[in-house]
Structures are given as structure tokens and as C-alpha cells.
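Visitor: One structure is given below, represented as C-alpha cells, and several questions about it will come after.
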Amino acid sequence: MRRALWVLAVLLSHWRRHKMQFATLLIGLIAATALWSGVQAINQQARNAYDRAAATFGGARTPMLVAPDAATFPQELFVKLRRAGWPVSPMLEGRIQVNGRSVRLLGIEPVTLPVDVGNAPRLGAADLSNFIAPPGQTLVARETLNDLQEQEGAAPAISSGAKLPPLRVLPQLVPDVLVVDIGVAQRLLNKPEQISRLLIGKPRGKPAPLASVVGDRLQRVEPNAETELERLTDSFHLNLTAFGLLSFFVGLFIVNSAVGLAFEQRLPMLRTLRACGASARLVNTVLVVELVALSLVAGLIGLACGYFIAAALLPDVAASLRGLYGAQIPGQLSLRPEWWLAGIGISIAGALAAAATSLIKAVRMPVLATAQPRAWQQRQRRWLILQSGAACAVFAVALLLLQYGQSLIAGFGVLAALMLGAALILPAFLDIILRTGQRFARQPLALWFWADSRQQLSGLSLALMALLLALAVNVGVSTMVETFSRTFVGWLDGRLAADVYISASDNAKGVAIRNWLKERSDVQAILSGGRAEAQVQGQPVELLGLPDHALYRERWPLLEAAPRAWTQLIPGNAAFISEQLSRRLNVRVGDVIDVPAPGGTWELDIVGIYADYGNPKGQLAVNVAALIRQFPQTPQTRIGLIVAKENIPGLIAALQKQFALDDRSVADQATVKAESIRIFNRTFAVTSALNAFTLGVAGIALLTSLLTLANSRLPQLAPLWAIGITRPRLAAIELTKTLSVALFTSLLAVPLGLLVAWCLITIVNVKAFGWRLPFHVFPLQLVELVAVALFASLLAALLPMIRLARMQPASLVKVFANER
Amino acid sequence: MLSIRNLSKTFSSAGEPVHVLRGVDLDLKAGERVALTGESGSGKSTLLHLIAGLDAADSGTIRLEDTEVTKLSDAGRAGLRRDRIGLVFQQYNLIPSLSVGDNLVFQARIAGRYDAAWYKELIERLGLGGLLKRYPEQLSGGQQQRVAIGRALATKPSLLLADEPTGNLDEATAEDVLALTRDLVTRTGCGFLMVTHSLHLAATLDRHVNLHAGRIA
């Protein structure tokens, strides 16, 4: 043991003398662990939220009985089933407005609530009586309480004027939900004696068959292992994971570079240790122990950084998930022990993987081999050929996946193969460029410039690969986001046809507003809409009622349409389908779709497909009058108005005064558009942050490579200094060399990034979100990104260059004195 | 103490076998100081490496005291070097990241044979007192070689093997270093086998053997 400790002390002494290399190793490991763990923390937080949502008093994780048309049904069915031995518990669900904010109201019957309802928050015996007995309680999550700007114990009024029972915080509850006794819910939602669903507990004995008790009025829905929300958000989390993985690999590039160089520098030390009697097994074991110990320390620091990264990104991610999928993620980060253990594990595994080549070399190292401190550079040519061959093989895999892959994973596979292939072939490309430069160079210094750049390439290639990948991802994602942004703004212009939008709290108020508006001369047209919900082929679908008005025909954008599509919509047996739903259901123009409605099946011919960006639900657009005929309970609370621009402020002020409407309930087109664009920008804020992180890590990779190389480059620089080239000039030449290879790399990253953008737009986005965007290139943005990459390279190169410019002549003289 | 019988070693160079040692026989008594000379490529260093267990012989035997080196495993040979052999190289092979003081003791520490009094004496005899906190790169060649000799003798080995220890030093420094080594070898009573090109230095030891074409001449 003491022997091992001494060997460890000797090995560690290397780092004491090479502090920058040590810092490089730690930074690489910390960056890799931090970014990976940060992303995992966010994913875990989101999944926990989905679990909570799924488990909320019988979400998708509980078997239940529902009406076939997804409407409410009479309470008497519950009584019948209980009498027949069915362990069911009633629930009523609806939406209410509290303080101008729309929230989900759940009415439960706590006495019959099955004890095995998922991870549902339990009500203790004491709480139970408070919950049931008047005035009752409204259970609410802390986040929702804050959103509603209410205090615990308060009894806020809903939009109808009725009061909620006093609010009580239940920590386990999902956000955006209020839970009350079912009797209270029936009163608040104005649905007396009505039930939305019956949750099924574990039966004791064998109850009578369902059909014999309720006929075909109810059907059983089995619990889902994966909820709709989880399915929808899978792609988003896969995106995040891909980003995390990329940053992790960029971090490992740094580790690999640092460990590789350290190994070469420590070769004489290892041989001396062996010559002094430390066995190969002992030395190799201690090398592994040293690496594991370092990765443990770095892993812990990385985890702490990962926590902060996750905490910083979480609000943006939550905004993205809310914007894209309507998922509610609490903003407070809470982590499980598995996250910490997995983080440490990934740090150790990553370090061992990055150091595998060096460790294998150490195991196989003959004790008498002559020292080859720069052998890894000399072997570059053979490696270039091997790497290029591997790159071609990886490109072939990308082509195969592109040709035959159907899934989202295959889409990511194409992206990964493209980037890996490009990274592998980069050194060969750069070698060709530098060799060409060398061939045409005439001046001796220029000749040396190109030749030395080539010689330096092997030491820098890993960092340059990291730069290539980071920049390509930046170009790809930025192009995709910019394309999306421009398409979205154009689409909004078309979709937001009306000049003023009103959202009434209920039907009665809607009717009153419409009657009042009809009397106003400044209102050119009143466009009443409506929304209903249904299940089509197992998918939740929103039915959007559109009024028949010329404005829609002129401005509502359709991606595909049958002849006279708008006219076909009027009778009520035709619909437009949103792009994502058409992909999900594999429905095209000319197909027919069956929608279960309260009065029976509603058969709709599909006469058009429209883009519906940002809507997590599939949507069918139908004539509003037809919608109300099929779904009589459709609230008619949404009203659009056509008003001359100069009359808008006056009309809004009058509406607010007459009907006590707040800013959420009445808004002009410009406000709605600005709010939509703000939500859109927030949605992609996390992408921008991850982009910046990835580029930052690549910059660190370049900096650390340059710093570790700086010292070993003295023998190349000293002869030039000896023949009269000043140190500042040498430093300037070194800087130019670094910037040149960074520029070549950046220029190669641009076409690669555009290819990445094309993959994202035409493969990944279509699979993930269900919509396909037109592909655009933004030259100014590309110039900007290349400039940022070069600036990062300049920053990375500056420190080693300043050190070189200020280097004492004695350090350079030592090269000739053979005393280094 | 050291007995070598019929020792052979062949290397392969560009696919052709090169017979470096062709049946070497050599004996060394306890405390005896022997110089091994021969032209370049005669197999001097190879013989030294085989004795130290840095490489394995093709045939023949090497016996150090009661141990047959040629029958030892890699770990066994490492143990032998650690406990009973001191090695000095032409290139010093000090550990650049350790101070002079740490370089001096680390083999003795690894072997578990650290002796504070002997360490102090070594420092004094080698004249390294003022250099203990320095690093190898801050020393001259002669100073580095003195540290290497100190490190090799810190374990009080049975046998000190030196491969051209003065090859990088000027004549005066070489003589000083060798004089110090002779002194310390006498003090510890270990055997000493030194490879050298210098007949002058070889003459200062008890015996001189010449290796020619892979055999003791």
C-alpha cells in the first residue's frame, strides 16, 4: 500500500509542475460533467413533473371509465356501478378563470378515491373532514398559488362571481390545477349531478360485467405507461440530450488531449519508475486510481456547476415546454440521489474512455523502449489515412440512415454520423490546405509558417474538431431558429386576421358583448369563433370553429387545399387539418375523418392542410356554425373584430369600461402578435443558451490545447529566435497560424452547419413537432457566427502568445543547452 | 555474488536476426568493482539490461546471490530491481517533477528501505546539501548524475549497475563523479558493474572485462 502511495505521489508530482495541463484536464472533465448533468437534471425535472401530472388524482396512470364521446355523464351511473361492486370514484374536470388566469379544476370524491391511484397526494383523516365539511378546501400547488397572486387561506372568486373554498397548499400537487370536493366542482362548473370520469380502484371480488350495469354508456380506458405529454415531449428531451451529449464529447476532447500529452510527457517517468522496481501492474493500477480520483473531484465540481446551469436554464426550458407542448414544469429544481450518482459515474466513465488509448499504451509499454515524447505527432500521416477511411465509413452510415431511417432516432443518427464524419475528416482537409500553402510558399519564413502549421496540426486537431462541431451546431440551430422565426412571423400575420380579440368569461357575457358590438358603428365585422375538444383515433384533437368571412379566405394561410376549399367548409361536412395532425394520423387532402360528437359520429372531408406552429394539440378547423350544431355546449366566448386602425384604442377602452374586461380579455392584433413573438423567443432561449455553452466549451478546448502545446513548441521556435526573429514577432506569427487554422475550420463548419440545419428542418423537426419549414440561408448570420468563432479562437490564442512574447531569453537558450 | 552463464540475446532488425550476446559468461564477487568495455553495438548495454531484469534473455542464466534472475516473472524482476539493484543511466533519468530531495529518496521509499541516517550521509558525501529543493532542470549534468547515483544507492543495493554514467560529462566532472561512486560502493560493500567507453576510467576499477562481438574477450 505504501509503495502504491509513493508511486501515486510521484505521478501526481507531474501535475504540480504542469499546472496548466492539470487545469486543462480538470476543466475538460468539469465542463463535460457539468453540461451533461445539467441537461439530465432538466430532463429529470420535466419527467418528474409529467409523473406528477399523470398521477394527479387519476391521470393517465389510472384505469378509468369514460363516456365514448368524452362528454360528461350522469352521476347515477356512479351509484349503479358502486352497487354492482365496482370500486369506482367519480371525478369532474373543467376550466375556470381565477384572477384572469385560466386553471384546471378537478372535483374529487375523497372517500371513495382508490388508495392506489398512482402517486396521488393523500389526504389524511383530519384533512379529509376539513376538505369535505363546509366551507371545504381548494388544494393547490405552491407555484399555482404564487401565479394566482393569492395567499393560503384566501377564497378567491372565479369569473362567474362564485367563490372557491379557502386555498390550501398541497406540496405534491401538479401546477395549474385546483382540487375541490366534487360537489363544489359541480356547482362552480355549473354541471350539477355530472361526472367527467370514474377512476377504478382494485376490485374486491368479481364485479358484474360493465355492459350489464351501464350498457354502452361508459367504456374502460386502460392506464398508459407513457402519457400523451411524455410522448409529445420525448423529442424535445432528445434534442436537449443531444446537446448535452455533444458538450460532453467536446469536454472529453479536452480530457483526451490533456491526458494524451501528459502521458507522452510522463513516459520517461514511467520508465524510471519501472527501472527503479515499481512493477508494471502497480504503475498501471496507480495510473487508473489517479485518473479515477481526479475524475471524482472534477465530477463533484462538475455536478455543482451542472446544478447551477440547470437552475439557470430551467425557466427557459419550462417556457419552451409550456410554449411547445403546454406542459407545466415547476421552476424550482429538485434532484434525486440517482442524479448525483449518475453524474459521478459519467465523469469517471468519460475520463476512462478519454484516457483509454493512453492507458492501453501504458499497459503495453516496454520498459526499455526509447523515449518518444512526440511520437504521436510523427504518426500523424498514418492516422490521417485511418481517420479519413473511418470518416468515409461514417458518411456511408449517414447516407443509409437518410435513405432507410424512418424514426426520430434515425434523424438524430444522420446528424450524429454527419458530424462525426466531418470531425474525423477535418485533419486531412486541413493537412491538404496547409500542404498546398506550403507548396506555393516562396519566402523562407512563409515556408516555415505552413510547414510548422502542419506539424502543429496533430496537437491541435482535437480542439479544432471541437470547434468544427460546436460551430456547425451553432450554424445549424441558428439557421433553423431564424427560419422558424421568419416563417412564424409571416404565419402570424396571416393567422391574426382580426384587428381586436375578445375573450369573454362565459357564454352569457359573450352574448352581451356581441349585442353591444352590433350597435357600434366603428365595428366593421364581428367574427365569432369557438373551440371544442374530441378524441380522434386515440389522439386529443381541438376543433376550431371559423366564421365564414372573406378576410379568412384572403389571409388564412393553407399549405395544401382542394379546389374551393373555403366554400366547401360552409355546409359543415368538411374541415381543414393542421399539418402536425395530418402527419400524426397520416391524413391527406381528400381523405375523410370521423369525429365522435355528442350527437354521433361527425364525418368530415379534409379539404385543406394548414400550418399551426406552436400548438401541441392536433387541430381541425371547421365552420363555427357547424361546430355549434355538433357540439352544442361549445362556449362562444371568443370574438374577433374588424375595426379601422384609428378606432381600435377607443373601442378597446369602451369595451373595458362597459364589461370590466382586463388586458387579458381584450387586446388588439399588435399586442397579441407581440405576445406570441415574445413567447416564441422565450421558447428558443434555451437553444441559444446551449449554443453559447457549446461554443464556449470549444473555445476552452482550443485554449487548453494551445496552452499545453506552448511549452513543447519551444524547440521549434528557439532556432528562429536564434537567427534574429524577435519574440513579439514570433508570437505574432504563432497567433496568425492559430487564427488561420481556426478560419479554415470555421469555413468548413459553415457548409456542415447548413447540412445540419437541413437535417433539423426536414427530418428532426418533422418527426419531433409535426411541421416542416421552408429552408432558408441567412448569409449575414453565417458571417456573424464565423466572426464569433474567430473571436473565441483569438481569445484562446492570446494568452499563450502573450507568454511567448514576454518569455525570458534564458528559456529559449536552454533548448540549445539541452538542459530542458 | 553475480554469476552469468552462457547468456544469449538476439534482436530482430528489419526482419533480420541480430545476435547481440552469444554465450556470455561473467562472475562478480561481493564488493568487486568491474568495468565493462567494448565498441558500440558489442552488447554492453544489453548485458546490463538483462542483469537488471529490464529485458529477458533468450537462453543462459543470470544468478544474483541466491536468485536466478532469468527465471523471475516481470513482477519478480521489478522486485529485484527495487530491493537489490541500483541503476544509473547516461541520461540520468531523474523524475523532472520531483525535487532533488524527493528524487533521492523515492526508490528507497518504494522499496520500504528508507534509512534517514544513510540518506543524510549520502547527501553529505554527494555534496547535494544545497540543492535538495531544486528540480532536475535547474541542475548541471554532473549534479544530476550525482543525484541519480544517490537514488540508486539509497536502498543499499547488492549490485550497482551503471550504463555509461559519465558519458554526458566532461573529463574532470566524470572523474569526480566516478570517484564519488567508488567511495560509496566501498562504503556500502555492493558489487559495481559499469559500462564505459573510457579505458582511462575503466582502469580505476578493480577489474576490466571487454565485450567483443557478443562474447567476453
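Visitor: Residue by residue through region A:190-215, note down the ones that are surrounded by 10 or more Cβ atoms within 10 Å (Cβ to Cβ) and assigned to a helix (DSSP H, G or I).
Guide: Once the filter is applied, which keeps residues that are surrounded by 10 or more Cβ atoms within 10 Å (Cβ to Cβ) and assigned to a helix (DSSP H, G or I), region A:190-215 yields A:210, A:211, A:213, A:214.
Visitor: Go through the residues of region A:467-487 one by one and say whether even a single one is hydroxyl-bearing (Ser, Thr, Tyr) and assigned by TED's automatic domain parsing to the domain that holds residue A:594.
Guide: Within region A:467-487, none of the residues are hydroxyl-bearing (Ser, Thr, Tyr) and assigned by TED's automatic domain parsing to the domain that holds residue A:594.
Visitor: How many residues are in a helix (DSSP H, G or I) and within 14 Å of chain A (Cβ to nearest Cβ) if we restrict to region B:106-119?
Guide: Summing the residues that are in a helix (DSSP H, G or I) and within 14 Å of chain A (Cβ to nearest Cβ) in region B:106-119 gives 6.
Visitor: Now for a different question. Quick check, is residue B:26 more than 14 Å from every other protein chain (Cβ to nearest Cβ), surrounded by 14 or more Cβ atoms within 10 Å (Cβ to Cβ), touching a helix residue (DSSP H, G or I) at 6+ places or on another chain (Cβ under 9 Å) and more than 12 Å from residue B:161 (Cα to Cα)?
Guide: For residue B:26, the condition - more than 14 Å from every other protein chain (Cβ to nearest Cβ), surrounded by 14 or more Cβ atoms within 10 Å (Cβ to Cβ), touching a helix residue (DSSP H, G or I) at 6+ places or on another chain (Cβ under 9 Å) and more than 12 Å from residue B:161 (Cα to Cα) - is met.
Visitor: Taking the options A:502, A:526, A:513, name whichever one is in contact with a strand residue (DSSP E or B) (Cβ under 9 Å, 6 or more places away or on another chain) and assigned to a helix (DSSP H, G or I).
Guide: Answer to the check: A:513.
Visitor: Which condition number does residue B:83 fail, the rest of (1) among the charged types (D, E, K, R); (2) touching a residue at least 24 places away in the same chain (Cβ under 8 Å); (3) more than 9 Å from every other protein chain (Cβ to nearest Cβ) being met?
Guide: (3)
Visitor: Looking at region B:95-105, is at least one residue closer than 21 Å to residue A:14 by Cβ and of a type in the set (Asp, Glu)?
Guide: Checked region B:95-105: at least one residue is closer than 21 Å to residue A:14 by Cβ and of a type in the set (Asp, Glu).
Visitor: Still on this model: Quick one: in region B:130-144, which of the residues that are at pLDDT 90 or above and under 21 Å from residue B:182 (Cα atoms) is surrounded by the most Cβ atoms within 10 Å (Cβ to Cβ)?
Guide: Selected residue: B:144.
Visitor: Tell me which strands (runs of 3 or more DSSP E) are completely within region B:120-217 and hold 2 or more residues being within 14 Å of chain A (Cβ to nearest Cβ), farther than 30 Å from residue B:10 by Cβ and not hydroxyl-bearing (Ser, Thr, Tyr), or say none if there are none.
Guide: Where strands (runs of 3 or more DSSP E) fall fully within region B:120-217, none carries at least 2 residues being within 14 Å of chain A (Cβ to nearest Cβ), farther than 30 Å from residue B:10 by Cβ and not hydroxyl-bearing (Ser, Thr, Tyr).
Visitor: Test each condition in (1) of a type in the set (A, V, I, L, M, F, W, C); (2) touching a helix residue (DSSP H, G or I) at 6+ places or on another chain (Cβ under 7 Å); (3) buried (at least 21 other Cβ atoms within 10 Å of the Cβ) for residue A:621 and report the one that comes out false.
Guide: (2)
Per-residue answers, yes or no, for (1) at pLDDT below 85; (2) surrounded by 21 or more Cβ atoms within 10 Å (Cβ to Cβ); (3) charged (D, E, K, R); (4) in contact with a helix residue (DSSP H, G or I) (Cβ under 7 Å, 6 or more places away or on another chain):
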| position | (1), (2), (3), (4) |
| --- | --- |
| A:31 | yes, yes, no, yes |
| A:37 | no, yes, no, yes |
| A:54 | yes, yes, no, no |
| A:58 | yes, yes, no, no |
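Visitor: Now for a separate question. Name the residues in region B:145-158 that are closer than 20 Å to residue B:50 by Cα, buried (at least 22 other Cβ atoms within 10 Å of the Cβ) and touching a Lys or Arg at 6+ places or on another chain (Cβ under 9 Å), would you?
Guide: B:153, B:157
Visitor: Turning to a different aspect of this structure: For residues in region A:256-305 being within 27 Å of residue B:93 (Cβ to Cβ) and among the β-branched types (Val, Ile, Thr), which is nearest to the other protein chains (Cβ to nearest Cβ)?
Guide: A:272
Visitor: Tell me the residue from A:271, A:220 that is surrounded by fewer than 23 Cβ atoms within 10 Å (Cβ to Cβ), out of contact with any Cys (no Cβ under 7 Å at 6 or more places or on another chain), at pLDDT below 85 and not in a helix (DSSP H, G or I), please.
Guide: Exactly one of A:271, A:220 is surrounded by fewer than 23 Cβ atoms within 10 Å (Cβ to Cβ), out of contact with any Cys (no Cβ under 7 Å at 6 or more places or on another chain), at pLDDT below 85 and not in a helix (DSSP H, G or I), namely A:220.
Visitor: Checking the conditions here, which among A:278, A:258, A:293 is assigned to a helix (DSSP H, G or I) and surrounded by 21 or more Cβ atoms within 10 Å (Cβ to Cβ)?
Guide: Checking each option against the conditions leaves just A:258.
Visitor: Where in region A:717-813 are the helices (runs of 4 or more DSSP H), entirely inside, with at least 3 residues that are of a type in the set (A, V, I, L, M) and crowded, with 22+ Cβ neighbours inside 10 Å?
Guide: A:727-759, A:779-805
Visitor: A further question on this structure: Go through region B:180-217 and give me each residue that's touching a helix residue (DSSP H, G or I) at 6+ places or on another chain (Cβ under 8 Å) and among the polar types (S, T, N, Q).
Guide: B:181, B:188, B:196, B:198, B:204
One line per residue, one yes/no per condition, for (1) part of a strand (DSSP E or B); (2) aromatic (Phe, Trp, Tyr); (3) modelled with pLDDT of 90 or more:
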position	(1), (2), (3)
A:563	no, no, yes
A:566	no, yes, yes
A:576	yes, yes, yes
A:583	no, no, no
A:587	no, no, yes
A:590	no, no, yes
A:593	yes, no, yes
A:596	yes, no, no
A:601	yes, no, no
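Visitor: Still on this model: Find the residue count for region A:138-166, including only residues that are surrounded by 17 or more Cβ atoms within 10 Å (Cβ to Cβ) and among the hydrophobic types (A, V, I, L, M, F, W, C).
Guide: 7
Visitor: Are any residues in region B:47-71 crowded, with 21+ Cβ neighbours inside 10 Å, within 14 Å of another protein chain (Cβ to nearest Cβ) and over 12 Å from the mean Cα position of the chain (by Cα), and if so, which ones?
Guide: Those that are crowded, with 21+ Cβ neighbours inside 10 Å, within 14 Å of another protein chain (Cβ to nearest Cβ) and over 12 Å from the mean Cα position of the chain (by Cα): B:57, B:64, B:69.
Visitor: Can I ask one more? Kindly list the number of the only condition in (1) modelled with pLDDT under 75; (2) in contact with a Leu (Cβ under 9 Å, 6 or more places away or on another chain); (3) among the small types (Gly, Ala, Ser); (4) not in a helix (DSSP H, G or I) that fails for residue A:242.
Guide: Residue A:242 satisfies all of (1) modelled with pLDDT under 75; (2) in contact with a Leu (Cβ under 9 Å, 6 or more places away or on another chain); (3) among the small types (Gly, Ala, Ser); (4) not in a helix (DSSP H, G or I) except (4).
Visitor: Determine whether residue A:572 is under 23 Å from residue A:633 (Cβ atoms) and free of Cβ contacts under 8 Å to residues at least 24 places away in the same chain.
Guide: no
Visitor: Only one of these is in a loop (DSSP other than H, G, I, E, B) and within 20 Å of residue B:217 (Cβ to Cβ): B:40, B:8. Name it.
Guide: B:40
Visitor: Looking at A:435, A:439, A:454, which one is surrounded by 15 or more Cβ atoms within 10 Å (Cβ to Cβ), basic (Lys, Arg) and over 34 Å from the mean Cα position of the chain (by Cα)?
Guide: Being surrounded by 15 or more Cβ atoms within 10 Å (Cβ to Cβ), basic (Lys, Arg) and over 34 Å from the mean Cα position of the chain (by Cα) holds for just one of A:435, A:439, A:454, which is A:454.
Visitor: Looking at B:103, B:93, which one is part of a loop (DSSP other than H, G, I, E, B) and either within 13 Å of another protein chain (Cβ to nearest Cβ) or at pLDDT below 90 (or both)?
Guide: On inspection, the qualifying residue turns out to be B:93.
Visitor: Let me ask something else. Please work out if residue A:78 is modelled with pLDDT of 80 or more and either part of a loop (DSSP other than H, G, I, E, B) or more than 14 Å from chain B (Cβ to nearest Cβ) (or both).
Guide: yes
The values are calculated or read from the model by the stated rules, or taken from the named source; none is laboratory data. This structure is a prediction, so every number in the text was calculated from the model and none was measured. So basically every Cβ, Gly included, is an ideal-geometry build from the backbone, and we count neighbours across all protein chains shown.
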